[in-house]
1. Compute the distance in nm between two label points, each set 7 Å from the Cα along the Cα-to-Cβ direction, one at GLU275 and one at LEU81.
2. Could you derive backbone 3J(HN,Hα) for the range 275-285 from the dihedral phi with the Karplus parameters 6.51, -1.76 and 1.60 (θ = phi - 60°), listing whole Hz in sequence and x where the residue is Gly or Pro?
3. Angle between the Cα long axis of helix 101-116 and the longest principal axis of the chain, 0 to 90 degrees, nearest 10?
4. Is there a quick way to get the dipole size of the range 165-280? I mean about its Cα centre, with the Cβ of Lys and Arg at +1 and of Asp and Glu at -1; what is the value in debye to the nearest 20?
5. So how strong a dipole does the chain carry about its Cα centre when Lys and Arg Cβ are +1 and Asp and Glu Cβ are -1, to the nearest 20 debye?
6. Nearest 10 degrees is fine. How inclined is helix 226-237 to the longest principal axis of the chain, computing both from alpha carbons?
7. Picking from ILE141, TRP117, LEU236, whose Cα lies most toward the positive end of the charge dipole for the chain (charges on Cβ: Lys, Arg +1; Asp, Glu -1)?
8. Using 30 Å as the Cα-Cα cut-off, could you pick out the over-long pairs in LYS70/LYS234; LYS70/LYS154; LYS154/LYS234?
Amino acid sequence: MVLFERAPAKINLSLDVLGKREDGFHEVEMIMTTVDLADRIELNTIDTDIIDVSTDSQYVPNDERNIAYKAALLFKNKYQLHHGVHIAIQKNIPVSAGLGGGSSDAAAVLRGLNRMWSVGASLDELVELGATLGSDVPFCIHGCTALGTGHGEKIHTLASPPSCYVVLAKPNIGISTRHIFPKVTMDTLHHPQTDKVMRSLEEKDFGRLCHYIGNALESVTFSLYPDVRRIKDKMLQTGADGAVMSGSGPTVVGLTSHFSKARRIYNGLRGFCDEVYVVRLLDRR
Ligand code: ATP
């Protein structure tokens, strides 16, 4: 049997760091949604009881280090399944980009195996399982627009954003979130107004949304990688109504309500940036 799952990229509309916890995690508050740039996950049943992973990307491991492999193993162990699966990942989401590509692949594997092997696990069960793989996996299982609290794993669904074009620009830098968080100093952070972002979602007010989007990690990433700040500035200069870094970067997200502006931003950034995409929001409730 063969089954396909889409694994969309996540973007942050806001990301705040509230403090450091005793367990070493940071307490965060972030608003996330998904866009139509997605990895494609193909799941194929195989006769022997093994998990086999292949990808078309040189940046992603093809073995038990792949988070998609870890997700399949976790699912098999949890439900005591002795089936085999081959997972083929077509990577379209840039790696180590702040777009949650690995987390989304893991979420897609959990959803897909649940369907393929007719396990009947509920959304809450998949979310609980996913949280043990990574803080962004629960959001990716939900896949709508949500507030993530705790270390990002507690998900509260929010109103969908107003329709717009999204430009994603990623310079040729890979950033690991684990590398950025230890450099956070709480007293110098600039906190975004998460409540105002939520309000603008409720009111579908695109202008306010663009005004209030923000990311407390920008100052940390910008000081290490000044090119990321330049990309954000260039996005705003070339017509973005709002721009914000996603996750711990380096991808910068630009929002605009007009396709002609999205093209202008895209053209302004190509050549300046390694990868640039014009995409749409997936959550159109
Ligand atoms: P994070 O914010 O968690 O760092 P990210 O979107 O910035 O997420 P990912 O693209 O998920 O970063 O990749 C992070 C690391 O995970 C990379 O070193 C990559 O090699 C590894 N990895 C393992 N499995 C995958 C996968 N299926 N897709 C992408 N990266 C993977």
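What follows draws every value from the coordinates through simple rules; no lab data is involved. All figures in this text were calculated on a predicted structure; none of them were measured in a lab. Here the Cβ positions follow ideal geometry from the backbone for every residue, glycine too, while neighbour counts run over all protein chains shown.
1. Spacing of the two 7 Å Cα→Cβ label points: 2.8 nm.
2. Result, ordered by residue: 9, 9, 9, 10, 10, 10, 6, 8, 7, 10, 5 Hz.
3. 40
4. 320
5. Values: 31 positive and 33 negative charges, 193 e Å.
Magnitude of the dipole: close to 920 debye.
6. Compared with the principal axis, the helix lies near 70 degrees.
7. LEU236
8. On the way: LYS70/LYS234 39 Å; LYS70/LYS154 21 Å; LYS154/LYS234 34 Å.
Pairs exceeding 30 Å: LYS70/LYS234; LYS154/LYS234.
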